[in-house]
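Structure, as structure tokens:
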Amino acid sequence: MVAVRIDRAGRRPVPRAGLASVAGRALGAVPPSVQVIVGIISVQVGAAFAKQLFGFAGAAGTVALRLFFAAVVLMLLWRPSPRLGTRVLPVVLAYGIVLAVMNICFYQAIARIPLGIAVTVEFLGPLSIALL
């Protein structure tokens with residue numbers, strides 16, 4: 001049986017919308033064409049910034065830094081319920097590994113070929129799906 005909290009007026013309290021929920025609704029209000037343009041700009045700027053770190057950390061180190069800061073931001077915005085931890089953890093770890101391998105491959109390409117060509121090839125797949 002689930003316990004339901006009742007306030008003094010005899011009503012159920014309205015649950016507060018989480019930050020992720022509010023962000024999702026706000027993102028839904030943005031036209032898809034603007035989302036694609038923002039995605040293109042984000043990929044280009046992120047790759048240009050990452051290339052500047054290659055001299056300091058190398059391609060694999062840059063991926064590690066990117067994943068670390070992404071994890072920090074994600075934990076600040078969305079904290080999973082402790083009871084979901086054991087079920088969700090394998091999925092999150094698998095996703096993190098796939099993301100790391102994908103980024104290492106992409107950053108190794110950036111280290112070897114011109115930035116514009118590498119980013120364009122990387123973005124052709126998602127852009128094709130968005131256009132379809």
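No value in this document is a laboratory result; all are computed from the given coordinates. Quick caveat: nothing in here was measured; it's all calculated off a predicted structure. Don't worry about glycine lacking a Cβ; one is built from the backbone with ideal geometry, like all the others, and counts go over all protein chains shown.
Tabulated data
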item	result
Stokes-Einstein translational diffusion, the range 27-67 - Kirkwood Rh over all Cα pairs, 1.002 mPa s, 20 °C, in µm²/s	185 µm²/s
Column: log10 I(q)/I(0), Debye, Cα scatterers of the range 63-132, q = 0.13, 0.14 Å⁻¹	-0.55, -0.62
Backbone HN-Hα couplings from phi across the range 53-60 [Karplus 6.51/-1.76/1.60, Hz, Gly and Pro as x]	7, 4, x, 8, 10, x, 5, 5
Residue-wise HN-Hα coupling along the range 38-45, computed from phi with Karplus coefficients 6.51, -1.76, 1.60 (Hz; x: Gly, Pro)	5, x, 4, 4, 4, 5, 5, 5
Chymotrypsin sites (Phe, Trp or Tyr not before Pro) within the range 27-132, DSSP loop, no more than 15 other Cβ atoms inside 10 Å	TRP78
